[in-house]
Structures are given as C-alpha cells and as structure tokens.
Amino acid sequence: MSHRAVGASLLLATLFSVGCATAPPQPWEGPAGSSRRAPDAEPRSVRAEPPTPAPAPVPTPVAVATPPSPETAPGAAAAPAAPARPADARAWHYVLMIDASSSASTLEIFRWHARDGSGLPVIETATGDDPTEPWRTRVKPGLAAYAGRPAEAAKSLEPLWDYALGKLGNDSPTTRTAAVHLRATAGMRLLPEAEQAAILDAVRAALASSPFGSSSARVITGAEEGIYGWLTVNYVLGHLEHGGPFPTVGALDLGGASTQITFQPLDYPRDNGQMVHLGRNAYHLYTRSYLGLGQDEARERVNSPDCFLAGYPMPDGRAGRGNYDACGRAIRAVLAVPCSEDDEPCSLLDGDQPPVYGEFLAFSVYAYAADYFDLDQRLRPAELAAAGRAFCATDWPAWIVREPAIADDPFVPNYCFAAAHIEALLTDGFGFPADTERITAPLRVQGTPIGWTLGALVHELAGR
C-alpha cells in the first residue's frame, strides 16, 4: 500500500474543518456493546505501549504478528490499492526497521525505490500477496528490561529475525541485501550509558552474524525521535514533495517513557531549533522531547489514587478515588519539575517553546485516547476533559459486576489518568487552547499507522 496517497491530505483537511458538538458529561457506562480497550500495546512500529497498571515479571520473548485491522476511527479513508511494481523488480530495496521502545521491540519491513528524477524515494510497508497484511511483528519486553543482561537482550530479538527470514527467504538475494536499522528510544535513554552500550554491542554482534546485509543499532535522541515523527506525518500527507516553509503539519507523539512536540514555528526558535535538510529542501523546526513524561513514567511519578477509577484496586493496595480534577493538579505539579537528564529536561513550564503554529497530528497514546472516548479523531482538550471527568468517577466494583470482562483488561482503568495527562500536556504544557480545533488524532491515515520509524527511513535515505 502506498504511503503517498493524495487522499490522505483530503482526509486530514476534512477532519481539520469539521467540528463536533460536545455533549454534556454523562455518567460513564462504558462503550456500548463491549469493554472497549486501547489498541494492542505496540502492534506496529509506530505505537508506544499504553500504560499498564503494575510492573510485571519479565516474560519470555514471544513474537506477536500483527493482524490486519481496518481503520476503526470515524471518518477514516479506505486504504488505497497497492501500486504497480516497477518493471524492474530489482529496483525494490528492503529495509528492516526495529523500534526498540520502552515496552517492546517492533519490526516493520519496508521496501523502497528511487523516484524518477530527483524526488524523494518511494517507500512502502512491505506486504505479501495481500496488501492489507503489512509485514510487522514484535517481541516483549523492550530491550531496556534486560539491563545488566546484554546477551539476553540480543537473544530476545531472535523471533524478529526468524519472522523476517520467513518473509524474505532464508538465503535469498533479497535477504542478503536487506539493511537492518535498530533504533532505541526513551526506555534505553533512561539507562546508564554503560548499560546502553553493553546491550547495543550485543545486538550489533548478533546482527553481524545474521544473513542480512548492512546493519546498524543505536539509541536515538529525543530530538531525533520528534523529527522522525514529523517526517512520517508530512511524508504520508505529501507535504515534503515541493519544499517551502508551509504548509506542513506539526507532530505530537506520546509514548510510554517520553513525549515529543515538533512543528514549524513562524520564526526560527532560539532554543531547541533544528534545521532538517531533505533532498533539495530545508525545514526549520522546533522540536523538544520530554523524557520521563510519557504515559507510563508520568503515571508512576504521580502515583495518586485520584488518577484511578473510584474503587479500583491499585497495585500498592490503595483504592482509586476517581477525582479527575485532583489528578490533573497532581500531574501539573509533575510537569513543572525538571528532570535530572541534562539533554532532555522535562519541565514543560520553562517557557522556551514558541507559540504553536498550524495544524497538528497527534499519534500513539493521543490517538488511543481519542478513539476510546469517541472523539471522532478531533482532539479537543476540553471535550477530552469532560469525558475523562465522567469516566474517572465510574464505580469500578459496580462496573465489573455489569461487565465482568473489563476486569481482565489492564488498559481500561488507566484512561482516567490518560485523559487528565493529555489535557495537562496540551494546555498547560504546549499552550493549546482548551477548545482548539487544530489537533487531529487518527489511529491511521489512509490505512497507514503513524509513528517515527517511517520518518527515520525517509531521513536515512534522503537526509543530508
């Protein structure tokens, strides 16, 4: 399926222009017909793990192939038909991109070929005969869970290599020429440098003995993660073809351990400015990453019963109180506390960000929350707050009596915190008005899930 469909631009244009009336908050009864939950933890390379209620023992790595699923959010466009292959099939090159996140290591196989002339390369998610079944899989936990055990970290990735060999062939020319790029994010950035290096050395050694072609493995910075997410969004929407300062779409990413904001401001920022060169074009961006303010890390730092459903049994034995406004105050206090990391201070209230400009596309946990609360892909903080306030007040014991299956879903109770966290990030943190119409949060655009790995490949192939 092509990532370059012009229809994606029409989809986003429609979303940006159509408002949704906000209904008065009603007691939360749960989604009609089922115990709705977040999309699975990280079924694709673009996803960060939604928050989990309590640390669990490190499981044996298991490969989880991602099943195909149609766009479930309202107003989504259908995936385009697969494009015709070039006459010379050898023009396709295959790349294995591994997102080594805080919660999982996700493999996505891409293919690309050079475009006639000097345009950006054509990049697609690789598929078999069925273009609706992308080649993606993952293993859990993430590499950071193996701190102090680098050999086990490298071994945990073996199911990914087996999956790729099953798709590309054990000893095929495609396999021997396929490049492998592992990029680790915030989970690894939280580890001491010596432990990061030990894990990466073990992974590189494993890759060196694999049947694949060239390979690389490194930890990316928060700024790179933000830029790659921005590149993905604008590549998919076709905004990078002709260059120029505008229009591009800003990117908002919320993962398990960190969150990023990246956009083109009206003026080049004094702090956290980045010049991104892509082909013949250059883009002045503001990008900033906040390590420790992703959904999982922030929830652990806040650690308040106010942020759990009323009566919910917290891992430490306390009962949730479901007080949305008190939860929001506790979150805002955490947003104002600087972290110890020199390269990624995580206070959002230090005032270095220029005013947000233009439209934004929000993905990962943002999209999960918009989908769960039926916000029609338009993410308005005030509307989210109204839904979250009603949800937090839900009586957990009574709810699981009505719908016992919910008790087996570890993600549902965390949407109380998620709603308050996202509202605080967008308004107090990034400066969006509570009634903004400038943020959309689709699970997919034109059938394509959004995240940073596609943008990392765009930069690998066309950046300079």
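The values are calculated or read from the model by the stated rules, or taken from the named source; none is laboratory data. Bear in mind the structure is a predicted one, so any value in this text is a computation, not a measurement. Cβ: placed from backbone, ideal geometry, glycine included. Neighbour counts: every protein chain shown. Ligands, DNA and RNA are stripped out before the accessible areas are found, and what is left, the full protein with its side chains, is counted by its heavy atoms. Shrake-Rupley method; radii C 1.70, N 1.55, O 1.52, S 1.80 Å.
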For the condition of a type outside the set (S, T, Y) and surrounded by 15 or more Cβ atoms within 10 Å (Cβ to Cβ), what is the one hit in A144, A208? A144
What do you reckon, is F363 in a loop (DSSP other than H, G, I, E, B) and surrounded by 19 or more Cβ atoms within 10 Å (Cβ to Cβ)? no
In segment 150-194, how many residues are closer than 19 Å to A208 by Cα, assigned to a loop (DSSP other than H, G, I, E, B) and of a type outside the set (G, A, S)? 3
Would a scan of segment 393-410 turn up a residue that is aliphatic (A, V, I, L, M) and crowded, with 24+ Cβ neighbours inside 10 Å? no
Index of the failed condition, F432 passing every other in (1) part of a loop (DSSP other than H, G, I, E, B); (2) open to solvent by 10 Å² or more (accessible area, probe 1.4 Å): (2)
Working carefully through the options R444, R438, find the one that is within 14 Å of the chain's Cα centre (by Cα), open to solvent by 10 Å² or more (accessible area, probe 1.4 Å) and in contact (Cβ under 8 Å) with a residue 24 or more places away in the chain. R444
Counting only residues that are without any contact (Cβ under 8 Å) to a residue 12 or more places away in the chain and of a type in the set (D, E), how many does segment 396-412 have? 1
For segment 190-211, check the following and say yes or no: at least one residue is touching a residue at least 24 places away in the same chain (Cβ under 8 Å) and closer than 28 Å to D129 by Cβ. yes
Residues within segment 354-366 that are of a type outside the set (F, W, Y) and closer than 14 Å to L425 by Cβ, tallied: 4
First in segment 351-364 and over 14 Å from T287 (Cα atoms), second anywhere and surrounded by fewer than 19 Cβ atoms within 10 Å (Cβ to Cβ), Cβ under 6 Å, 6 or more apart: E359/F16; E359/R438
Out of all the residues in segment 250-297, which are of a type in the set (A, V, I, L, M, F, W, C), at pLDDT below 95 and either part of a strand (DSSP E or B) or more than 16 Å from the chain's Cα centre (by Cα) (or both)? L266, M275, V276, L278, A282, L285, L291
Among the numbered criteria (1) surrounded by 18 or more Cβ atoms within 10 Å (Cβ to Cβ); (2) outside any loop (DSSP other than H, G, I, E, B); (3) out of contact with any helix residue (DSSP H, G or I) (no Cβ under 6 Å at 6 or more places or on another chain), which single criterion is violated by T427? (3)
Considering only segment 304-322, state which residues are surrounded by 14 or more Cβ atoms within 10 Å (Cβ to Cβ) and on the phi > 0 side of the Ramachandran plot. G311, G322
Can you find a residue in segment 370-388 that is modelled with pLDDT of 95 or more, in contact with a strand residue (DSSP E or B) (Cβ under 9 Å, 6 or more places away or on another chain) and surrounded by fewer than 21 Cβ atoms within 10 Å (Cβ to Cβ)? no
Check whether at least one residue in segment 129-138 is open to solvent by 40 Å² or more (accessible area, probe 1.4 Å) and hydroxyl-bearing (S, T, Y), and report yes or no. yes
I'd like the residue in segment 274-289 that is of a type in the set (G, A, S) and more than 15 Å from T248 (Cα to Cα) and, out of all such residues, is surrounded by the fewest Cβ atoms within 10 Å (Cβ to Cβ). G279
